[in-house]
Each structure stands twice: as C-alpha cells, then as structure tokens.
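Quick notes on the structure that follows.
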Amino acid sequence: MSWWRRLVGNRQLEQELDKELRFHIDQQSADNLRAGMSEQKARRSTRLAFGGLDQVKEDCRESRGTMWINSIVQDVRFTLRTLGRERTFTAVAVLILALGIGANIVVFSVVNTILLRPLPFHDAQQLAWITGNFGEGGLSDTAYRVDWWEAYKRNNQSMQNVTGFVPYLASGETKLMNYGDPKPVAGVWVLDDFLQTLGVQPALGRLFTHNEGVKGGPPAVLLTYPFWRTQFHSDPKILGQSITLGKDAMTVVGVLPESFDFGAVFAPGTKMDYVIPAIPENMANWGHVLALVGRMKPGVTVAQAQAEANTLFPHLRSSLKLDGDTDYKTSITGLKDEVSGKLRRSLIVLWCAVGLILLIVCVNLSNLLLARAASRSKEFGLRVALGARRGRLISQLLTESLVLSGAGAIAGLAFAYAVTTWLAHQGSVALPLMSSVRVDGASLGWTVALAIAVGVLFGLAPGLKVSAGNLQESLKGSGHGTSAGPKRERLRSLLVISEVALACVLLVGAGLLLRSFLRVLHVDLGFRPEQTSAIKMDYTPDYNDNSKGGAERGVSFQEAIRQVRALPGVEAVGITDNLPMEHGRSWELRAKENPGKPGDNPDVFVYVVTPGYLQAMGIHLRSGRDFTWADAPKSEPVIIINQAAARREWPNQDPIGKLARGVGDGDTRVVGVIDDVRETSAEAQSSPEVYVPVTQGEPGKAEVVIRSTLPSAVLAPAVMRTLRSLHPAQASVELRPIQSLVDHTTSPRRFFAVLVGLFAGLGLVLASLGIYGVISYTVTRQTQEIGIRMALGATREQVQLRVIWNTLSLALIGVAMGTIASFVVARAISSLLFATEPADPLTFAGMILLLVAVALIAGYLPARRASRIDPIVALRCN
C-alpha cells in the first residue's frame with residue numbers, strides 16, 4: 001500500500017489493527033484455557049505476554065510510516081482542549097505574543113518598504129541619483145544648471161538617459177481655478193522624458209511628448225492618482241479637457257498610476273497633485289534649477305559611472321568653456337541608496353530593538369510554561385508510566401507553544417495591519433516611501449517564520465526540562481508546599497536575569513535616543529516658532545521690470561500687512577518668499593574688498609522679506625536696523641545678514657555699513673546683523689544668510705507671517721477674509737503654525753525615538769511581569785517552608801526582606817549584565833545621537849534606577865503576600 005493510501009485509509013487500518021489484536025488475544029487466551037488455566041488467569045497471562053496494547057499499536061503505526069501525522073493530530077487536539085480549559089493563561093500568552101509579533105511585523109514592513117523592497121520603477125537598480133556638491137546653500141548647491149545638464153547628457157557614455165526635475169517645489173504651488181472656488185494645489189516641473197526614464201506607465205492616457213517640453217509647445221498636465229480620485233471623482237472623461245492652474249490653461253493628457261508617489265520618493269512628507277513639463281529654454285538663465293536622475297546602461301555600475309563623471313566634468317568645463325561653477329563636484333549614487341540610505345542605521349537599530357522585545361516575550365513565556373509544566377508534573381509522570389516516550393512529551397509541549405505562537409501571530413497580524421495602514425496615511429512623518437508601507441507577501445512570510453521560531457524558542461526549554469527530570473518521583477505524591485527542584489529554580493532565575501538584561505539594553509538605548517530628541521527640541525533655532533503662523537497670499541511675480549514691480553509690491557504688501565496687523569490678537573506681521581526649514585535657495589555674497597579664492601564657497605541662503613518680518617518670526621536683530629518702506633526700488637540697495645555671513649566675509653569686523661557684491665546687479669550695503677537661523681533643520685548648523693527687501697528683490701511667492709496670541713484655528717477665518725478683500729481670487733489655504741515646519745524636520749527622529757521608547761516600555765512591563773511571576777511562583781512553592789520559618793520565630797518583616805532580597809539579587813545581576821551590553825550598544829548607535837555622549841551617565845543612571853525600582857515593586861507584591869501566610873494553615877499544606 002502506498003504512503004498516501006496508508007494516510008488516507010488510516011481509519012480502516014485502525015479498525016483492522018483492533019480486529020487483529022483481538023484475534024491474537026483470543027487465540028492466546030484459548031491456548032491458555034486448553035493448557036488448564038482458569039479463564040481469569042488465561043486472560044491475565046495473555047495480557048502480560050502482549051504487554052501494553054497502546055505500545056503495541058504505536059509500534060504498528062510506526063511501521064506504517066504515518067505515526068507522526070497521528071501524533072501531530074493528537075497533540076493539536078489535546079492542546080486545544082487543554083488551552084480551552086485554561087482560558088486565562090491562554091489569553092495572557094496570546095496577548096503577549098500578539099504585541100511582540102505584531103510589533104515585529106510592523107517594523108519589518110517599514111524596513112522592507114524603505115530598505116529591502118526595490119523602488120516602484122522598472123529596473124529600479126539601473127536608476128542613479130546625480131548630485132552636485134558645490135557648497136552649503138541648500139538646493140542651489142546640489143542642483144545643476146541647464147547647460148551643464150545638456151553637456152553631460154550628450155557626452156557621457158554610462159547612462160542611457162539623463163533627466164531631471166525642478167526641486168524647488170514651491171514653484172509648483174498654485175491654485176485650480178475653473179472647478180468651483182480657487183483651490184490650492186501643488187505640483188512639480190519635470191523634464192519631458194523624466195517619467196519615461198523612471199519607467200512609469202500612466203494609469204490613464206499617456207505621458208508627455210517631446211513637443212510638450214519645448215518652448216511654445218502645447219501646455220499639458222498629468223494628474224496624480226489621488227488628486228484625480230478626490231478632485232475629479234475618478235472621471236475618465238477628464239482626459240483631453242482643459243484645467244486652469246493659476247493663470248495657465250493646460251490640457252490633461254493622462255493620470256499617473258496609484259503606485260507612483262513623487263513626494264514619497266523625492267520629497268518625503270510632501271503631497272503632489274499634478275506634474276507639468278519643464279521648458280529648458282525658459283530655465284537657461286535661472287541658475288541651478290535641475291535635480292538630475294539617470295538610468296545607467298545595462299552592466300554599468302555606480303562606481304563606473306562615478307569614475308566617468310570624475311573625468312568628464314573637468315573636461316566639459318575646459319572644452320565647452322561653460323562659465324561659472326569653477327568646481328563642479330558631482331556625486332553619483334544609486335537612487336535607492338539616495339532615497340533610503342541615510343535611514344539604514346536608524347532602521348537597523350529599530351529592527352534590533354523590536355527583536356529584543358521578541359526575545360523578552362520568549363523568555364517570559366518560557367517562564368510561564370515552566371511554571372505550568374511544574375504543575376503538570378504528575379500528569380507527565382503518569383503518561384510516562386503508561387508507556388509514553390519522552391520525545392512525545394517534548395512534542396506535546398512544542399505543539400502547545402506552536403499553537404500559542406500561531407494564535408499570537410494571527411492576532412499580531414491584525415494589529416500590524418491596522419498600524420501599517422495608519423502609518424501609510426501619516427503625511428506628517430518625513431520618511432521616504434511611508435505611503436506605500438503595507439503588510440504584503442513578504443510580511444506574511446516573515447510572520448510565519450516568526451511564529452515558528454518563537455514557538456520553538458519559548459517551548460523548547462520547558463519541554464527539555466520536563467523530559468530530563470525524574471517524572472516517576474512526581475507520582476509519589478510530593479506536595480506543593482516544598483520548594484521545586486534546584487535545577488528548575490536555577491533555570492527560571494536565569495531566564496529572569498536574561499529578561500532584565502535585555503530590558504536594560506532597551507531602556508538605555510531608548511533613553512539615549514529620547515535624550516537626543518529632547519536636545520533637538522531645545523536647540524536655539526534663531527527664531528521663535530511659538531504663537532507664529534504663516535499663510536500663502538495670492539501673488540503673481542513680475543520679472544519684467546523689477547523697479548516697477550518692486551514699487552507695486554511695496555504698495556500691495558504694505559496694505560496687506562496693515563490690514564492683517566489691525567486684526568484682534570495680532571502682534572506683528574511680515575511677508576517673506578521663503579520660510580526656514582522649507583524650500584531653501586542660495587545666491588552669492590562677497591564682501592566688496594574680498595576677491596575670493598579658488599574653491600571658496602560664496603553662497604548664502606536668501607530670503608526676500610518685508611519690514612516687520614524679523615519681529616513676526618521672533619528673529620533677534622543684534623546690530624544695525626530692520627528694513628523700512630523707505631528702502632525703495634531706486635534707493636540704495638540694502639541687505640541684512642546673519643552672524644555666520646558676517647564671520648565669513650568680515651571676520652573680526654563690524655559689518656554694518658560695509659558693501660557687498662553678488663546680491664543684485666551692483667553693490668549692496670549691510671544695514672543689519674541678526675542671530676543665526678537654522679534654515680534646514682534643528683540639527684544642522686546655521687549657514688550664511690542674506691535678507692533682501694521685497695522692494696529691491698524678486699520674491700517668487702508671498703507668505704504672510706503672523707505673530708498672535710490667538711490660536712491659528714481661531715485667527716484663520718479673519719485672516720482669510722482680509723486677504724480675499726485684497727485679492728478676491730485668493731485660494732482657501734490653511735494658516736500653518738510655524739511650529740509645524742520644525743516638527744516636520746524632526747519627525748524622523750521623533751518617529752524612531754517614540755517607537756524605541758514604546759518598545760522599551762513594553763520590555764520593562766514584560767520584565768516586571770517575569771520577575772513577579774517567578775517570585776510569586778517561588779512563594780507559592782515555598783508556602784510550607786515559609787510557614788515552618790514563621791513557626792520557628794521568623795517575623796513578617798524578615799520574610800518580606802528575604803523575598804525582596806531574592807528579587808533584588810536577580811534584578812541586580814540582570815542589570816549588571818545589561819549595563820555592560822548597553823555600553824556596547826550605545827557605541828554602535830552613537831551616530832544617531834545628537835549632543836549626547838554614548839556613555840551619558842545621567843541616562844544610564846536613570847534607566848538603571850527605573851528598572852531596579854520596577855523590579856522591586858514587582859517583587860514586593862509576592863513578598864507582602866508571603867508575610868501574610870498563616871503558619872498553621874501553611875503547615876497543613878500538602
């Protein structure tokens with residue numbers, strides 16, 4: 001009979017086996033009767049000759065080759081019945097497992113999305129990020145001029161194509177005009193072959209053609225999938241229709257696929273509504289305006305492309321005589337590495353932290369199962385006496401642990417699905433690809449692997465411990481009042497020590513990251529974001545006649561400031577074209593008497609502002625004066641600089657009244673010096689900055705900055721009414737707290753600190769439960785011993801102190817081991833810390849004291865119970 005037929009026909013085989021055994025027993029009994037035995041003696045002799053019938057049956061089943069299937073089915077059925085009777089234990093175990101496994105699935109989904117999974121583009125491994133490194137002036141010093149892009153595209157041999165987009169995303173902020181009230185929308189300018197180079201296929205319609213990317217070509221726009229769904233209700237008839245963005249009518253030629261999220265890849269935390277083709281001819285004189293992406297030829301590596309760029313760019317500079325940019329330093333990296341490489345260390349640390357949580361879960365459940373197995377020692381002894389092999393006991397305990405871990409994995413999977421769905425919709429977290437975080441096939445595979453590994457980890461130790469003991473002794477009626485065996489107690493103590501050590505490592509790591517985050521929050525930003533908000537004001541730049549445009553801007557902006565300033569609760573108002581920690585750009589700035597040296601970086605961040613902006617932002621003017629409305633287009637050009645610019649251009653001098661060049665067409669005079677402002681993030685040092693009055697500069701947009709004692713939600717309606725009275729076509733935009741800009745830049749650190757902190761808290765709770773469980777179990781097992789001690793004169797305080805000392809000794813050993821490991825871990829994560837030493841004594845001392853305090857509380861409860869034991873009752877325990 002084949003193996004499959006033996007398995008399928010198992011019931012029939014069992015019936016035949018019973019008939020055959022009964023036949024042999026009857027035959028042997030008949031022979032014994034014929035030999036002169038009585039009927040009772042004949043039956044007994046036959047039974048003794050055959051031995052245990054169950055053992056005979058198991059031998060027959062093993063010869064069939066399907067014994068393991070039967071064993072598994074029996075073990076699962078027995079496990080379900082047993083766990084069903086112990087519902088409290090089952091619920092606690094499944095809950096602990098759900099938290100541990102669910103947290104691991106969430107973190108794996110994030111790591112898989114950001115680090116492991118390829119970018120959602122065709123042959124994404126061929127895509128390369130091409131960036132300049134020309135100074136510290138923000139996007140302007142990483143982007144390329146149009147002529148350099150064209151020259152590199154023509155002359156390189158490593159790339160199939162080199163394309164790009166305009167990284168100044170504020171340039172794509174406008175309003176949708178012909179669909180109800182003006183609606184603020186945001187988009188991005190891309191070169192006409194950008195999407196084709198990435199390998200993006202439209203969900204509807206087509207991509208841009210070359211004719212739409214040249215001067216005078218037909219205006220076209222691509223809609224993002226979410227914008228098409230929400231604004232146009234997924235209407236396919238939008239193709240070929242015209243929509244008005246600002247003042248420009250554009251034809252909708254296609255809808256991008258749902259999987260393509262420009263912001264998630266290239267500008268984390270930014271929402272995009274549309275894509276329009278950039279016109280290189282129009283941008284030829286705009287300076288550094290293109291962020292470049294290339295698709296490498298098959299077989300070409302990033303290192304080869306970098307080596308070619310190192311020799312090609314100097315050649316282009318000399319042969320083509322491209323002016324400016326005397327030191328173009330180009331860096332080429334894989335697009336995947338550029339998007340997520342900076343997060344690699346943080347994600348690995350997060351993954352290790354959640355792995356420690358899972359180890360603590362396994363240790364905790366091992367202790368629970370050891371206690372449970374000890375209470376079932378008579379059951380196991382009886383099964384061995386009836387012929388069960390020790391391997392069957394291990395199999396049974398492993399089956400129970402695997403069933404528990406499977407149930408925990410299912411619950412954890414539901415928990416992880418809810419959390420990842422929530423994370424995917426958290427646009428405030430500036431992490432790349434977060435919108436595509438999900439529980440996918442890889443996550444399901446990871447869940448299965450975790451369930452099996454965890455089940456084996458926390459089930460193997462109890463199974464081996466039970467099978468290695470003298471199970472026959474348990475049948476001799478040993479009472480519950482005495483201590484358990486010293487080996488079992490040592491194992492439980494070792495598990496608690498390891499649990500405390502793991503929790504210590506988690507707490508110290510979380511404490512260091514949390515301390516770093518708090519240090520970031522207390523950095524002097526150079527401005528005061530509290531009680532300050534900003535709102536975009538309708539404004540169309542006029543680049544044709546700056547003198548005339550400057551005068552008109554002055555009148556328009558001054559009136560807007562006057563009316564907003566008159567609103568109740570408003571303390572100060574100013575207008576700027578750029579906000580700190582948003583979209584930076586740079587110009588050149590040199591002291592007039594400073595000729596500069598080759599390789600020097602003369603760039604500065606630029607802000608075009610009105611009088612009152614410094615006060616509204618809470619920026620301290622250290623010396624000189626603020627702008628006034630008398631700084632007219634035809635008056636002497638003036639600027640305000642920060643301390644970093646003053647130190648660079650006029651070291652050890654007073655810059656007030658000095659002349660500078662590079663800002664504007666001629667010389668400009670420094671009239672004020674302000675504190676350094678952190679323009680890119682709270683963690684980055686301040687760079688040189690220059691402020692230009694709106695009447696003399698060319699703002700690309702207008703942000704009204706308002707300092708008010710009223711909350712933004714209360715102030716917003718009045719501000720919107722005021723702006724619409726000045727500009728009836730003003731789009732309905734939100735009044736954004738300036739603090740939100742700061743929060744956006746710190747969101748990655750907050751994300752990691754909060755998650756590691758939550759994991760550390762969970763580890764602390766699990767460790768305390770483990771300590772409580774062991775000490776409580778020990779007290780229960782030693783009830784009779786404690787009664788004897790108290791009967792012999794031990795006081796309640798002595799009993800309490802003895803139990804608490806046992807708790808403290810376990811905790812201190814675990815803390816000592818964990819502290820040593822924590823020093824190693826702290827060194828490993830030192831690059832993630834901000835203004836915090838890896839061996840920060842305050843963090844180590846605080847976390848260790850917290851862990852010891854929690855351990856003492858966990859041990860005090862059983863100690864209190866032990867001191868209340870009645871000696872007379874305890875001595876009667878059996």
Selection within the range 678-696 - out of contact with any helix residue (DSSP H, G or I) (no Cβ under 8 Å at 6 or more places or on another chain) and either aliphatic (A, V, I, L, M) or assigned to a loop (DSSP other than H, G, I, E, B) (or both): ARG678, ALA684, GLN685, VAL692
Verdict on PRO711 being within 30 Å of CYS504 (Cα to Cα) and either in the same structural domain as GLU649 (by TED's automatic domain parsing) or not polar (S, T, N, Q) (or both): no
Tabulated pairs, the range 718-734, first closer than 12 Å to ILE535 by Cβ, second open to solvent by 20 Å² or more (accessible area, probe 1.4 Å) and outside any loop (DSSP other than H, G, I, E, B), C-beta under 6 angstrom, 6+ apart or interchain: THR722/GLN563; GLN730/ARG724; ALA731/LYS175; ALA731/PRO184; VAL733/PRO184; VAL733/LYS536
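So which of GLN784, GLN798 is free of Cβ contacts under 8 Å to residues at least 12 places away in the same chain, in the same structural domain as SER366 (by TED's automatic domain parsing) and either of a type in the set (S, T, N, Q) or surrounded by 14 or more Cβ atoms within 10 Å (Cβ to Cβ) (or both)? Step through it out loud before you land on a result.
Values: GLN784 fails: free of Cβ contacts under 8 Å to residues at least 12 places away in the same chain.
The unique qualifying residue is GLN798.
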Flag for GLY664 being closer than 20 Å to VAL608 by Cβ, among the small types (Gly, Ala, Ser) and either open to solvent by 40 Å² or more (accessible area, probe 1.4 Å) or at pLDDT below 95 (or both): yes
Residues of the range 649-666 that turn out to be within 47 Å of the chain's Cα centre (by Cα) and either within 14 Å of PRO688 (Cβ to Cβ) or in contact (Cβ under 8 Å) with a residue 24 or more places away in the chain (or both), as a count: 11
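For the range 212-262: of the residues being among the small types (Gly, Ala, Ser), farther than 26 Å from ALA729 by Cα and touching a residue at least 60 places away in the same chain (Cβ under 8 Å), which is surrounded by the most Cβ atoms within 10 Å (Cβ to Cβ)? Can you show your working first?
Within the range 212-262, the subset among the small types (Gly, Ala, Ser) is 213, 216-217, 220, 234, 240, 242, 246, 249, 254, 259.
From what's left, farther than 26 Å from ALA729 by Cα: 213, 216-217, 234, 254, 259.
So of that shortlist, the ones also touching a residue at least 60 places away in the same chain (Cβ under 8 Å) come out as 213, 217, 259.
Numbers: GLY213: 20, GLY217: 15, SER259: 12.
Residue satisfying both the conditions and the ranking: GLY213.
Looking only at residues that are within 15 Å of LEU393 (Cα to Cα) and under 40 Å from the mean Cα position of the chain (by Cα) in the range 76-88, which one is surrounded by the fewest Cβ atoms within 10 Å (Cβ to Cβ)?
Taking the range 76-88 and keeping what is within 15 Å of LEU393 (Cα to Cα), we get 76-79, 82.
In the following step, the residues that additionally are under 40 Å from the mean Cα position of the chain (by Cα) were identified as 76, 79, 82.
Values: VAL76: 15, THR79: 19, THR82: 17.
Once the filter is applied, the top-ranked residue is VAL76.
Per-residue answers, yes or no, for (1) under 30 Å from GLU530 (Cβ atoms); (2) of a type in the set (Val, Ile, Thr); (3) not assigned by TED's automatic domain parsing to the domain that holds ASN578:
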{"site": "PHE605", "(1), (2), (3)": "yes, no, no"}
{"site": "LYS634", "(1), (2), (3)": "no, no, no"}
{"site": "ILE639", "(1), (2), (3)": "yes, yes, no"}
{"site": "GLY662", "(1), (2), (3)": "no, no, no"}
Which numbered condition VAL429 misses (of (1) among the hydrophobic types (A, V, I, L, M, F, W, C); (2) open to solvent by 10 Å² or more (accessible area, probe 1.4 Å); (3) assigned to a helix (DSSP H, G or I)): (3)
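Residues that are modelled with pLDDT of 85 or more and among the aromatic types (Phe, Trp, Tyr), at least 1 per element: which helices (runs of 4 or more DSSP H) completely within the range 700-793 meet that?
On the way: elements: 712-726, 738-781, 783-791.
Passing ranges, in order: 738-781.
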Residue match in the range 682-699 (condition: closer than 15 Å to VAL606 by Cβ, assigned by TED's automatic domain parsing to the domain that holds PHE627 and surrounded by fewer than 17 Cβ atoms within 10 Å (Cβ to Cβ)): yes
Filtered residues of the range 397-439 (kept if among the β-branched types (Val, Ile, Thr) and touching a helix residue (DSSP H, G or I) at 6+ places or on another chain (Cβ under 7 Å)): THR399, VAL403, VAL419, THR420, VAL429, VAL437, VAL439
Strands (runs of 3 or more DSSP E) (entirely within the range 126-224) containing at least 3 residues that are modelled with pLDDT of 90 or more: 127-132, 159-165, 183-190, 220-223
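Yes/no matrix, rows are residues, columns are (1) at pLDDT below 90; (2) over 30 Å from PRO120 (Cα atoms); (3) not small (Gly, Ala, Ser):
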| residue | (1), (2), (3) |
| --- | --- |
| GLU308 | no, no, yes |
| LYS329 | yes, no, yes |
| TRP351 | no, no, yes |
| LEU356 | no, yes, yes |
| LEU365 | yes, yes, yes |
| ALA388 | yes, yes, no |
| ARG392 | yes, yes, yes |
| GLN396 | yes, yes, yes |
Residue list for the range 667-681, filter: surrounded by fewer than 19 Cβ atoms within 10 Å (Cβ to Cβ) and free of Cβ contacts under 8 Å to residues at least 40 places away in the same chain: ARG669
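The values are calculated or read from the model by the stated rules, or taken from the named source; none is laboratory data. Bear in mind the structure is a predicted one, so any value in this text is a computation, not a measurement. Every residue, glycine among them, receives a Cβ derived from its backbone with ideal geometry; neighbour counts consider all protein chains shown. Surface accessibility is based on the protein's heavy atoms, side chains included, excluding ligands, DNA and RNA. Shrake-Rupley method; radii C 1.70, N 1.55, O 1.52, S 1.80 Å.
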